[in-house]
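Where a number appears in this text, it was derived from the coordinates with a stated rule and is not lab data. On a predicted model such as this, the values are computed, not experimentally measured, just so you know. So basically every Cβ, Gly included, is an ideal-geometry build from the backbone, and we count neighbours across all protein chains shown.
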């Protein structure tokens, strides 16, 4: 079981309902409501410096959830990232992602709890 979340840069998403619709679009590769920003790349670099993506860790480290809590590779564009972590690390990753999203002025969305933070 995985826990999912997303960060993005969009000036048109202002509510939970809008965030839910955007997330659904992103899940089917529709990036029409987001724009490119260097902030996504900066967010990604800081996050993966701490927790590399699954494709970037060795076979010896793949089961070490302190190094790589991710369950699959990220879905990433120049304007968003969707991340999935193992459920046992969800609380930690939720806090970390929200902290980094705030730092880089990105929106955060948790589809499990329909939590949206601008």
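Just a few scattered comments:
- Number of residues in segment 5-40 that are touching a helix residue (DSSP H, G or I) at 6+ places or on another chain (Cβ under 9 Å) and either surrounded by fewer than 16 Cβ atoms within 10 Å (Cβ to Cβ) or under 21 Å from residue 113 (Cβ atoms) (or both): the value is 9.
- Checked against (1) surrounded by 15 or more Cβ atoms within 10 Å (Cβ to Cβ); (2) more than 13 Å from residue 6 (Cβ to Cβ); (3) out of contact with any helix residue (DSSP H, G or I) (no Cβ under 6 Å at 6 or more places or on another chain), residue 97 passes all but condition (2).
- Answer from 43, 74 - the residue that is within 23 Å of residue 19 (Cα to Cα), touching a helix residue (DSSP H, G or I) at 6+ places or on another chain (Cβ under 6 Å) and surrounded by 13 or more Cβ atoms within 10 Å (Cβ to Cβ): 43
- Restricting segment 77-94 to residues that are under 20 Å from residue 11 (Cβ atoms) and touching a strand residue (DSSP E or B) at 6+ places or on another chain (Cβ under 7 Å), the residue that is surrounded by the most Cβ atoms within 10 Å (Cβ to Cβ) is 80.
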